[in-house]
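Engineer: This is the structure, below, for whatever I ask next.
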Amino acid sequence: MAHSSGKASNRRAPDIITEELLAAVTSKTSYQFKPLFDLVFTKLRERNAVSGGEEMLRLRSYEKLQSLVDRGAVKKTVTGVVKNYKGVRAPLQVLTAEMQQLRTEWRERNNATRAGG
């Protein structure tokens, strides 16, 4: 059994998939999952942040989208077999601010680590 060396940070890096999902659903547009995923996938490729293959990324994106629905940041509307997703303004603003704060703290921690060692 492997043991932790203690060097790893207790906090993980900001979640870029959720960041891109938030950016996409912040617009007033309502999306079905496939076009939403295509948009997120394109943005992640631009950031050179695609790993694990497209299908795995699709699954992770869907899970994170459902998490946003559960948190009330995204509204899911089902019409027959069609599911549309649209951002809910107030919870999105709070979640976006939290993500920005996490990103800032993460950068500061990484800069301090680089400067100190």
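Just so you know, all these numbers are worked out from the coordinates, no wet-lab data involved. Keep in mind that this is a model prediction, so the values were computed, not measured. For neighbour counting, all protein chains shown are included, and Cβ atoms are generated from backbone atoms with ideal geometry for every residue, glycine included.
Engineer: Give me the pairs: first residue in the stretch 65-87 and over 15 Å from T29 (Cβ atoms), second residue surrounded by 10 or more Cβ atoms within 10 Å (Cβ to Cβ) and among the basic types (K, R), beta-carbon distance under 7 Å, and six or more apart or on different chains, which are they?
Structural biologist: Short answer, once both residue conditions are applied: V69/K76.
Engineer: Tell me yes or no: at least one residue of the stretch 11-32 is in contact (Cβ under 8 Å) with a residue 12 or more places away in the chain, assigned to a helix (DSSP H, G or I) and farther than 25 Å from E105 by Cα.
Structural biologist: Checked against the condition, which is being in contact (Cβ under 8 Å) with a residue 12 or more places away in the chain, assigned to a helix (DSSP H, G or I) and farther than 25 Å from E105 by Cα, the stretch 11-32 yields no hits at all.
Engineer: If you don't mind, another one. Looking only at the stretch 69-79, which residues are out of contact with any Gly (no Cβ under 9 Å at 6 or more places or on another chain) and surrounded by 10 or more Cβ atoms within 10 Å (Cβ to Cβ)?
Structural biologist: Across the stretch 69-79, the qualifying residues are V69, D70, R71, G72, K76, T77.
Engineer: Any residue at all in the stretch 80-94 that's surrounded by 10 or more Cβ atoms within 10 Å (Cβ to Cβ) and in a loop (DSSP other than H, G, I, E, B)?
Structural biologist: The answer is yes; a qualifying residue exists.
Engineer: Please go through the stretch 43-59 and pick out each residue that is farther than 15 Å from A24 by Cβ and in a helix (DSSP H, G or I).
Structural biologist: Across the stretch 43-59, the qualifying residues are E54, E55, M56, L59.
Engineer: While we're on this one: Inspect the stretch 100-111 for any residue being among the charged types (D, E, K, R), within 20 Å of the chain's Cα centre (by Cα) and within 23 Å of S27 (Cβ to Cβ) and give the result as yes or no.
Structural biologist: Yes: the stretch 100-111 contains one or more residues that are among the charged types (D, E, K, R), within 20 Å of the chain's Cα centre (by Cα) and within 23 Å of S27 (Cβ to Cβ).
Engineer: Please determine whether any residue of the stretch 45-57 is in contact with a helix residue (DSSP H, G or I) (Cβ under 7 Å, 6 or more places away or on another chain) and farther than 16 Å from I17 by Cα.
Structural biologist: no
Engineer: If a residue must be among the charged types (D, E, K, R) and farther than 18 Å from S30 by Cα, how many such residues does the stretch 88-99 contain?
Structural biologist: So the answer is 1.
Engineer: Another question, if that's okay. Restricting attention to the stretch 92-117, which residues are under 14 Å from T18 (Cα atoms), free of Cβ contacts under 8 Å to residues at least 60 places away in the same chain and of a type outside the set (S, T, N, Q)?
Structural biologist: V94, A97, E98
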